[in-house]
Structure formats: C-alpha cells, structure tokens
2 protein chains.
Amino acid sequence: MIRISIDAMGGDHGPGVVIPALVKVATRRPEIRFVIYGREEAVRPELAKYQKLAEKSEFIHSEVAVKMDDKPSQALRHGRGKSSMWMAIDAVKSGTSEACVSAGNTGALMAMSKFCLRTMATIDRPAIAAIWPTLRGESVVLDVGATIGADAHQLVDFAILGTGMARSVFGMERPTVGLLNVGVEEVKGQEEVKDAGRMLREANMASLDYRGFVEGDDIGKGTVDVVVTEGFSGNIALKTAEGTARQIAGYLRAAMSRTLMARIGYIFAKGAFDRLREKMDVGRANGGVFLGLNGIVVKSHGGADADGFAAAVELAYDMVRNRLLDRIEADLDLFHARNPRPRNDDGTRRESDAEADEEN
Amino acid sequence: MIRISIDAMGGDHGPGVVIPALVKVATRRPEIRFVIYGREEAVRPELAKYQKLAEKSEFIHSEVAVKMDDKPSQALRHGRGKSSMWMAIDAVKSGTSEACVSAGNTGALMAMSKFCLRTMATIDRPAIAAIWPTLRGESVVLDVGATIGADAHQLVDFAILGTGMARSVFGMERPTVGLLNVGVEEVKGQEEVKDAGRMLREANMASLDYRGFVEGDDIGKGTVDVVVTEGFSGNIALKTAEGTARQIAGYLRAAMSRTLMARIGYIFAKGAFDRLREKMDVGRANGGVFLGLNGIVVKSHGGADADGFAAAVELAYDMVRNRLLDRIEADLDLFHARNPRPRNDDGTRRESDAEADEEN
C-alpha cells in the first residue's frame with residue numbers, strides 16, 4: 001500500500017478536477033491510498049459522488065487555500081500550518097504519506113516544500129524536473145526553473161537527481177546524460193558547464209552514462225535520457241518548446257481550414273490529428289517533479305484536466321514504488337564520498353545554500 | 001545601386017546553390033550588384049550558365065575556402081586575406097560593397113567579421129539576431145549565440161541593435177521590445193536583466209517601446225517585435241524551437257501514414273501541409289544577422305537552398321536600403337549620451353571588450 005497526500009484546492013479547477021482524477025487512479029492502481037486536504041465545503045460534495053474513492057481516502061479539512069497568484073512569501077505567511085498545500089506536504093514529512101501532489105502555484109509549492117521538507121543534506125539546491133516527450137520516447141529535463149544559475153557541483157547534483165528519476169520512472173538501468181550547452185566553439189564563459197562535464201566524465205558512475213554536451217535541438221530528438229542545465233535556460237527552453245508547439249498547432253488549424261481540399265483532408269485524418277494534438281503538448285501530462293528534497297513532491301499543471309492530474313499522481317506513485325529517494329541518496333553519497341565539495345572551515349554549508357535557507 | 005559582396009564557397013552546397021540564388025535576387029531587385037568571391041574553377045562554370053547575372057556581377061578569385069568545420073582560430077590563421085569569406089567581409093570595410101552574405105561557418109564568419117570590421121565604437125560586443133516566425137508575423141530575437149552572458153549595458157545595447165533591425169526590415173516606426181526572463185517570482189539572480197529593464201524604461205526612447213519581461217512562450221506568440229537575451233539562453237531557445245518544430249513534423253508524418261483514413265486525408269490536404277512545412281521551419285529563411293559591427297554581415301543557413309540564400313541576400317539589401325547602421329548609430333549615441341557607461345580611468349574600454357579583441 002502506498003499513501004499519497006493530495007492538495008485538492010490547487011490548479012485552475014480545484015476539487016472538480018482533482019477528485020475525478022483520483023477516481024481514475026484508484027481504479028488503475030488498487031493498492032494506492034489518498035490523504036486529501038482541502039476546504040470541507042468544496043471537497044465533501046465531490047467526494048460524496050464516488051463511494052469507492054471515499055473508501056480508499058481520508059479527508060482532512062484545511063482552512064486556507066493558496067491562490068494561484070499568491071507570491072511564495074505570501075503563501076508561506078498565510079498558509080503555513082493551515083493551507084491544504086502545506087498540510088499535504090507536511091504529511092510527507094510526518095510519514096502520513098509517501099509523496100505529495102498539488103496543481104497549485106509552483107513558486108508557493110516550492111517555497112513550502114523547501115521550508116517543510118528541507119533540501120537533502122548533501123546537496124545545495126533542489127531542482128524542478130520535467131518529463132519531455134521526444135522522438136525517441138521521453139526524457140527528463142532539469143532544472144526548469146527552481147533557481148537561477150548553478151555552479152559545476154550543482155549541475156552534477158542535478159545530473160544525479162535526474163538520473164534517479166529516469167531510473168525510477170522509465171525503468172532504465174543506466175540512463176544517458178547530457179549537459180545543455182551552445183554549439184559555438186571556443187566561446188568564453190560557462191566554465192561551470194565545462195567543469196561539470198569533466199567531473200561527470202571522471203566520476204564514471206555505474207548508474208549514469210555521461211555523453212557530453214547536447215544542444216537545444218537534441219532535447220526533442222531524445223539524444224539523451226537526462227538533459228541537465230541551470231534553471232534560467234531550462235525554463236526558457238521548456239517555455240519556448242511549449243510556445244512553438246502551440247504556434248504550430250495554430251498554423252495547422254489555419255492550414256486545415258484554408259481550402260476546401262484541406263477541409264476534406266482534415267475530416268479523413270481527424271483521428272490522426274487528435275492523437276497528434278496530444279503528443280504535441282510538451283509537459284502536458286505531468287507537470288514538474290521537485291527533486292533534491294527529503295520527500296517526493298509532484299507539481300501537476302495548473303490547467304490540467306482529470307487525465308493530466310491522474311498522470312501526475314501515477315508519476316508520484318511510480319517514484320515511491322521504485323524507491324526514488326533511496327536511489328538518489330545512494331548515488332549522491334557515492335559521488336560525494338569520492339568528490340568532496342568545498343565547505344567552509346567550520347564544516348557548514350556554503351553561502352549559496354545558506355542564502356537559500358534564509359529565503360524561507 | 002546597392003552592391004553586396006558574396007562568399008560563394010560557404011554552406012553545404014557552395015556555388016551550386018549560391019549562384020542560382022543570386023539569379024533569383026537579380027530578377028527581383030534589378031538595382032542590386034554583386035561582388036562574388038570564390039575559387040575560380042568552382043564559381044566560373046556556374047556563372048557561365050547565367051549571362052544576365054554575369055552582367056550584374058564582378059567575380060574575384062580567392063585561394064582559400066573556409067571549411068564548415070574549421071575552428072574560428074584556424075579559419076583566421078589560414079583564411080585571413082585570401083579566403084572568399086574574408087575577402088567578402090573586407091569588401092564591406094573597403095567600401096567595395098555595402099553588405100556581405102555568407103552561408104559559411106558561423107564561428108569563423110563572426111571571428112573574421114569582428115577582426116576585420118571591428119565592433120562599433122560605443123558598444124562592447126556584437127550580437128547575432130534571428131528573424132523568428134510568430135503567430136503575429138515575425139520578430140527579431142537576439143543574441144542567439146555570438147557570446148555567452150551579458151551585463152545590463154550590453155542587454156540595452158542588444159535592445160537598440162534589435163530595434164534598428166526591426167525598423168529596417170519590418171518597416172516599423174517604434175518596435176515593441178521585451179527582455180527574456182523566467183516567470184518565477186522573487187527569484188534570485190539575473191540582476192542584469194532587471195537592471196536592463198530599469199534602464200530601458202527610464203530611457204523612454206523615441207525609437208523603442210519597452211514592454212517589460214517576456215517568457216519563452218511569448219516568442220512564438222509574437223508578444224513583442226524584439227526579444228532580447230544573452231547568447232547562451234538565446235541560442236538554447238532558438239535550437240529548442242527548431243528541435244520542437246522538427247519533432248512535430250516527425251509526429252505529423254507518422255500520424256498521416258498510420259491509417260488508411262489518414263493517408264487519404266493527407267492526399268487531400270497536401271497543399272496545406274506543404275505550406276505548413278515552410279512556416280514550421282524556424283529561421284529557415286534567413287539565418288542570422290550580425291549586429292553591432294561597422295558593417296552589415298548576414299549569415300545564411302549552411303543548409304539553405306537557393307530560395308533560402310536569396311532571402312538572406314534580400315535581407316542584407318533591405319537593411320542597406322533602409323540605412324540600418326545609421327539608425328543604430330544614432331540610437332546608440334542618443335542613449336549613451338544620456339547614460340554614460342563605466343569606463344576605465346584612462347578612457348579605454350572595459351575589460352570584457354579588451355578580452356573580445358584579444359580573442360581575435
């Protein structure tokens with residue numbers, strides 16, 4: 001039995017989408033149990049519609065619902081201890097659940113997750129990982145926006161985090177890993193990317209097959225299973241891909257309605273177009289996974305429908321079942337034992353980390 | 001009459017594509033003249049096929065052809081003074097031509113252009129600008145990979161460079177400008193982007209309508225006419241968009257051949273698909289424009305066909321005719337007169353620029 005805590009108040013649709021999503025998951029994965037947090041008057045009526053789900057769930061009332069446009073600091077101030085988001089995360093900390101899923105606002109969810117679960121002892125910063133559909137299948141891309149900038153050690157940590165996720169979710173033995181870079185030769189800067197590459201090559205880890213630098217167009221090709229970059233360029237890559245997919249969908253719609261021949265063609269090919277539309281939507285299914293925390297937190301897309309939210313819950317389930325955190329911790333320990341990182345003289349963590357904690 | 005110098009040896013196809021492209025341009029723009037550089041035995045036979053083009057062109061033999069995989073430093077060492085690429089650039093410097101077009105290797109072309117033409121006196125670094133098809137039309141995106149990283153002053157310079165290009169190429173009076181950023185609130189870092197935004201807002205320039213931050217998905221939407229970012233994230237955005245477009249084209253091909261109905265639909269809609277394919281190819285038409293140099297250099301895609309190379313030549317022509325360099329210089333002077341930038345005590349340019357010169 002695996003217990004997942006659910007923030008029922010997150011996303012654009014709240015319990016109206018979250019509860020039907022849980023019904024789908026409960027049918028497909030009978031060994032799953034839910035701890036659902038939300039406002040009584042919003043969640044109870046939805047839950048009442050599905051007797052079978054109620055049997056597999058515990059519902060706990062929470063006073064506050066974090067808004068989609070709350071700033072992280074606001075959300076922490078008003079929602080700490082009493083919001084459905086906080087309580088769902090805290091359930092992971094207390095052991096009531098083994099993972100948390102929310103479609104709520106990303107910044108607030110990350111801030112609360114860091115504050116409540118804390119970053120893993122051996123790393124500096126968490127990352128947000130996206131599952132990216134490719135021509136070969138799917139890849140893990142991280143960081144897509146948890147923090148801006150990353151030094152070489154942090155990039156290596158991201159590689160280990162992403163590898164753990166690829167192993168847990170895709171069932172791979174030794175995922176291939178690439179560092180996102182630009183193809184221009186002899187460019188200055190980005191020393192941290194080069195250093196990270198050197199460290200990954202030298203580490204020659206059993207769990208991770210480092211393949212060198214990749215460029216932006218390699219993501220969609222599926223050249224490697226795990227694409228590693230810092231959060232600024234990762235977020236821009238993700239959003240640009242989403243924008244391009246929507247743009248082409250727009251062209252496609254226009255092209256298919258322009259002439260009579262095209263409209264006839266569209267009618268014949270409608271089934272194919274429907275499948276295509278699903279594939280084109282980068283990141284639609286899963287949202288992001290927060291990696292590097294002492295607990296599993298999955299962020300579903302705010303606009304997700306019941307299928308989308310269900311996919312996010314199943315992703316959390318798969319990561320728990322395949323012991324994501326154990327894998328990551330073992331790999332981090334192995335790497336750091338051989339590659340000690342710079343610490344202050346008194347053994348405290350470095351400034352970048354102290355800062356991150358202060359933020360909370 | 002406008003004279004354009006052409007590196008006939010660049011690109012994957014060399015004179016076999018370049019010369020037919022010039023034939024197209026010569027028919028459409030009768031007032032254009034070409035100065036063509038390349039190896040005699042490769043270019044003469046092509047030129048001989050088109051009597052009308054020969055009348056509008058001067059051909060000059062060059063010993064060396066820069067290879068597509070030469071490193072910039074190699075290309076400079078072996079090709080300075082005697083390669084078709086160098087000679088085509090040098091023609092701009094000497095006044096023999098008013099712009100240069102090459103489909104040769106980007107790193108070599110940028111290194112030679114910087115060395116030969118030099119960066120404009122008032123700015124630190126050149127940028128590569130791409131014309132990006134959007135749902136609203138086209139936008140200018142820069143820097144897509146000339147250098148990595150940029151401080152606030154350099155980002156403002158890029159905004160002015162890109163605005164000049166949008167005015168020259170799109171015929172706009174006051175293009176809208178956005179700084180590429182990530183949407184996460186209260187994030188640390190990227191102070192230079194915030195500072196650049198403040199400077200652009202305060203400058204309140206007559207030629208440029210600053211609209212604030214934009215995200216990756218705003219590029220394809222066409223939210224602003226000019227998208228400004230540093231070269232690392234710009235290059236990753238461009239390559240990711242290209243990769244996504246190719247990925248969706250792959251899905252589309254697969255979807256349209258999967259079932260009999262889809263195949264029938266494809267036959268009816270083939271014309272629409274052909275138009276769509278053209279639109280989907282981000283940056284296909286033009287390659288990149290080097291901005292911030294004392295001369296106009298256009299890089300055509302290495303894999304461009306005759307239509308693609310012709311579009312690059314016509315882009316160069318439009319920028320000359322619409323006095324791109326004068327516009328840029330006037331705007332830079334205006335901005336810098338009001339916003340002096342940090343200089344060394346002896347009035348020399350800052351380190352970043354000294355470094356850039358040293359590279360050459």
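For B:V18, B:V101, B:V43, A:V35, what ranking results if the residue with the fewest other Cβ atoms within 10 Å of its Cβ goes first?
Working: B:V18 29, B:V101 32, B:V43 26, A:V35 19.
Sorted ascending by nearby Cβ count, the order is A:V35, B:V43, B:V18, B:V101.
With the label 7 angstrom out along Cα to Cβ, how close does A:L260 come to the same site in each of the other copies, in nm, nearest first? Ordered by increasing distance: 2.6 nm. Within the range B:24-41, which residues have the backbone N less than 11 Å from the label spot 7 Å out from B:M1 along Cα→beta-carbon, could you tell me? What the label zone holds, given the 11 Å backbone N cut-off, is B:31-34. Any idea what diffusion coefficient chain A gets from Stokes-Einstein, in µm²/s, Kirkwood Rh on alpha carbon pairs, 4 °C, 1.567 mPa s? Rounded to a whole number, D works out at 61 µm²/s. Every Cα-Cα pair of the range A:127-283 was included, and the share exceeding 28 Å stands at 29 percent. Taking the Cα centre of the range A:1-55 as origin and assigning +1 to Lys and Arg Cβ atoms and -1 to Asp and Glu Cβ atoms, the resulting dipole is close to 260 debye. Distances, shortest first, from the label point of A:M1 to those at the same position in the other copies read 9.0 nm; the point lies 7 Å along Cα to C-beta.
Cross-link pairs exceeding 20 Å in C-alpha to C-alpha distance, out of A:K114/B:K194; A:K24/A:K52; A:K221/B:K239, comprise A:K114/B:K194. With contributions of -39500 (n - 2.57) from each DSSP H run of at least four residues, the per-residue ellipticity at 222 nm computed over chain B stands at -16000 deg cm²/dmol. Counted by Cβ distance under 14 Å from A:K221, the other residues give a net charge of -2, where Lys and Arg count +1 and Asp and Glu count -1. Shown for A:S84, B:S139: other C-beta atoms within 10 Å of each C-beta, ranked fewest to most, produce the order B:S139, A:S84. Principal axis analysis of the Cα atoms in the protein assembly as shown yields extents of 87, 70, 51 Å, listed in decreasing size.
Give me the lysines in straight-line cross-link reach of A:K67: C-alpha distance below 18 Å, same-chain residues under 8 apart excluded. Those lysines meeting the cut-off are A:K82, A:K299. Note on the protein assembly as shown: antiparallel DSSP beta bridges, both residues inside, total approximately 30 percent of the bridges counted. For chain B, the Cβ-based charge dipole about the Cα centre amounts to some 1380 debye (Lys, Arg positive; Asp, Glu negative; other atoms uncharged). Taking the DSSP beta bridges with both ends in the range A:127-283, the antiparallel portion is around 35 percent. Neighbour counts of other Cβ atoms within 10 Å put A:K239, B:K93 in the fewest-to-most order B:K93, A:K239.
Read-outs: derived from the displayed coordinates by stated rules, not from any lab. Here the structure is a predicted model, which means the values were calculated and not measured. All Cβ positions, even for glycine, are placed from backbone atoms using ideal geometry, and neighbour counts span all protein chains on display.
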